[in-house]
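The values are calculated or read from the model by the stated rules, or taken from the named source; none is laboratory data. Just so it is clear, the model here is predicted, and its values are computed rather than measured. Cβ sites come from the backbone with ideal geometry, for glycine too, and all protein chains shown count toward neighbours. The accessibility values were calculated without ligands, DNA or RNA, using every heavy atom of the protein model including side chains. Shrake-Rupley method; radii C 1.70, N 1.55, O 1.52, S 1.80 Å.
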Amino acid sequence: MFIAATVLLVSFPPSRFNDPAAREYAAGVARVIVGLIVIVTIRQRNWGLNALSSPSPRSWAITLPVAVYCLVVYPLLFTGTLSLNLTQPNLAAGVAFNGFAAGGLEELVFRGLILSLLLSGNSDDHNPSKTWRAIIISAVLFSVPHALNLFVGHAEARVVAQLVWSFLLGVVFACLRIAGRSIWPVAVLHGAMNAFVHVNRLGVEIEPSLLSAAALAFAPVPLCIYGAMLLRKTATHHNENKASPALT
């Protein structure tokens, strides 16, 4: 349903615009509409567990190191620079808006909806085997649609690398969502990462060598270790609280 809605609303209507910037804005607006539908669905069906809860200061804090890492490492791996292509400001703004909307929508679907449904049989999110099974499945489902980029002309090495890095980042984002008990910091992180990287590589043809593709693919490995540590610390804290309930 998500892929169908994306194709219908994000691909077809924007294609009617001749101006590239207008296409980007139209695609971004379509993604916002789909995102609102997902939010309403989660709330009405009560499928989101704590996904849509207000973020705590801790949930923002644990996201910050991932944001810094991604906003430095990926632009350097793609283009070798942290500079943004602002030669066409209106197009750059449209690309940034569309990229941010895409990242936010993907988080609402894959970590807000799908991950929550996979965790629904594990009511407190702290059964390690069930939690990791849910994380892996949601990360696979997040990764696989990126194979469609083969049909829009992306280089094969880049698409294979993207399948790997999107899976690994899916694991990281899921860990942040569970440890932070809110989808919003992760959605902002994913959106900001998309916006920055897309404008950074605007107008640049990305055809990585095998070595650079491998670097792109496995760049999130340190973040996976960080996410696993967060998840373990969260589970330990939860178990300690259950073992020592407050006196009433």
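Brief remarks on what is shown
- The residues of the chain expose on average 51 square angstrom of accessible surface per residue, using a 1.4 Å probe on protein heavy atoms.
- Relative contact order [Cα under 8 Å, 6+ residues apart], the chain, whole percent: 28 percent
- Degrees between helix 57-79 axis and first principal axis of the chain (Cα, 0 to 90, nearest 10): 30 degrees
- Accessible area of Phe218 (1.4 Å probe, protein heavy atoms only, ligands and nucleic acids ignored): about 120 Å².
- Summary value for segment 1-65: 23 percent relative contact order, contacts being C-alpha pairs under 8 angstrom separated by 6+ residues.
- Fluctuation leader among Arg43, Arg177, Arg31 - the chain, Gaussian network, Cα springs under 10 angstrom: Arg43
- Reduced Cα scattering model of segment 139-211, Debye log10 I(q)/I(0), q = 0.15, 0.18, 0.25, 0.28 Å⁻¹: -0.60, -0.82, -1.23, -1.29
- A Förster radius of 35 Å combined with the Cβ-Cβ distance from Arg45 to Ile136 puts the calculated FRET efficiency at roughly 0.90.
- Using a simple spin-label model with pseudo-atoms 7 Å out from Cα toward Cβ, Phe17 and Asn127 lie 4.6 nm apart.
- Relative contact order computed over segment 9-132 (Cα-Cα under 8 Å; 6+ residues apart), in percent: 39 percent
- Solution diffusion estimate, µm²/s, Stokes-Einstein, the chain, Kirkwood Rh from C-alpha pairs, 20 °C, viscosity 1.002 mPa s: 114 µm²/s
- Computed over segment 28-87, the range of Cα coordinates on each principal axis works out to 45, 31, 16 Å, biggest value leading.
- Full extension of the segment from Ala61 to Val32, taken as 0.36 nm per residue of separation minus the current Cα-Cα distance, would add 7.9 nm.
- Two-site FRET efficiency, Leu150 against Arg232, from Cβ-Cβ distance with R₀ of 30 Å, rounded to 0.05: 0.25
- Per-atom-type breakdown for segment 1-69 gives carbon and sulfur 67% of the accessible area (1.4 Å probe, protein chains only).
- Cα convex hull, segment 65-186: 119 Å³ per residue, rounded to a whole number.
- Dividing the summed -39500 (n - 2.57) terms of all DSSP H runs of n ≥ 4 by the residue count of the chain sets its mean residue ellipticity at 222 nm at -22500 deg cm²/dmol.
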